[in-house]
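Colleague: Quick one: this structure, given as structure tokens, is what I'll be asking you about.
The values are calculated or read from the model by the stated rules, or taken from the named source; none is laboratory data. Here the structure is a predicted model, which is why all the values come from computation and not from measurement. Neighbour counts run over all protein chains shown; Cβ positions are idealised from the backbone, glycine included. All accessible areas refer to the heavy atoms of the entire protein, side chains included, with ligands and DNA or RNA removed. Shrake-Rupley method; radii C 1.70, N 1.55, O 1.52, S 1.80 Å.
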Amino acid sequence: MIQIKSIEPTDAGLIADISRETFYDTFAIHNTKADMDKFLAEQFSREQLMKEVLEPGNTFFLACVDGIPAGYLFLKDRSHHLLGTAAAMEISRLYVRKPFIGKGVGKLLMQHAIDHAGQIQKDTVWLGVWEHNQPAITFYTSFGYQKFGEHDFILGDDVQRDWLMQRPVNL
């Protein structure tokens, strides 16, 4: 059974571990070791995750399958300038560990994000996704997300392109 719970500051180390594991599993094949090492050290240290967990407007949820951490959701209470004045929430990360991909964890986390946005009176949910990550783009499209822009994403020293995708909370 999949359960979702709010993350406490004491869970920051676990979130950092899941972040490094899932990001490496997904993107190491497409990037240099130096760029991956730099990105993981800068973005997914325990100290960085602790800051994110404690920052007002940030919300984290952990998904567990039969008590085993399977993935997590990181939401930011913020819009994007291309969305104008929309009351929006960003899905900053939706990460699922490899053994749990295809088992409904990602779908449940995505639905949880959309439901949470509705509960806090948001009109729009948005996210960024690497333009070459077709499995993720297909997943987001299945939930009604549409591309509304692009931006640069720096991975180590490599400048990459992310698509910005959004969907109304109430489709």
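Colleague: Can you give the FRET efficiency for residue 133 and residue 8, using 1/(1 + (r/R0)^6), R0 = 35 Å, r = Cβ-Cβ distance, to the nearest 0.05?
Modeller: 0.70
Colleague: Strictly over 31 Å apart at the Cα level, which of 33/122; 98/147; 38/122 would you flag in this model?
Modeller: Those over the limit are 33/122; 38/122.
Colleague: Quantify, in whole percent, the carbon and sulfur part of the accessible surface of region 28-102 (1.4 Å probe; protein heavy atoms only).
Modeller: Carbon-and-sulfur percentage of accessible area, whole number: 56.
Colleague: While we're on this one: Out of every Cα pair in region 2-79, what percent are spaced more than 19 Å from each other?
Modeller: Values: 1204 of 3003 pairs.
Result for the distance tail: 40 percent.
Colleague: Among 88, 135, 171, which residue has its Cα furthest toward the positive end of the charge dipole of the chain, with +1 on Lys/Arg Cβ and -1 on Asp/Glu Cβ?
Modeller: 171
Colleague: Which far-off residues, 5 or more places away or on another chain, put their amide H under 5 Å from the one on residue 71, with H placed in the peptide plane?
Modeller: Counting only residues 5 or more places away or on other chains, the set is 63, 97.
Colleague: Any idea of the accessible area per residue across the chain, 1.4 Å probe, to the nearest Å²?
Modeller: On the way: 8890 Å² over 171 residues.
Heavy-atom accessible area per residue stands at 52 Å².
Colleague: Over all directions, what mean area does the Cα convex hull of the chain project, stated in square nanometres?
Modeller: 9.5
Colleague: Taking the convex hull of the alpha carbon atoms in region 59-118, what volume per residue do you get, in Å³?
Modeller: Here the figure is 80 Å³ per residue.
Colleague: Go through region 84-94 residue by residue and turn each phi into a ³J(HN,Hα) via Karplus (6.51, -1.76, 1.60, θ = phi - 60°); whole Hz please, and just put x for glycine and proline.
Modeller: Result, ordered by residue: x, 9, 4, 6, 10, 10, 9, 8, 6, 8, 9 Hz.
Colleague: For n ≥ 4 DSSP H runs only, could you compute -39500 (n - 2.57) per run for the chain, divide by its residues and tell me the 222 nm figure to the nearest 500?
Modeller: Details: 5 runs with 60 residues, N = 171.
The helix contribution divided over the chain gives -11000 deg cm²/dmol.
Colleague: Skipping prolines and chain starts, which residues have an amide H placed within reach, meaning under 5 Å, of the one on residue 155, given they are 5 or more residues away or on another chain?
Modeller: 160
Colleague: Springs between alpha-carbon atoms under 10 Å, Gaussian network over the chain: tell me which of 125, 105, 159 tops the mean-square fluctuations.
Modeller: Result for the chain, Cα springs under 10 Å: 159 fluctuates most.
Colleague: Near the amide H of residue 93, under 5 Å away, which other amide H atoms are found, from residues 5 or more places off or on another chain, if H is placed in the peptide plane?
Modeller: Those lying under 5 Å, H to H, from residue 93 are 74.
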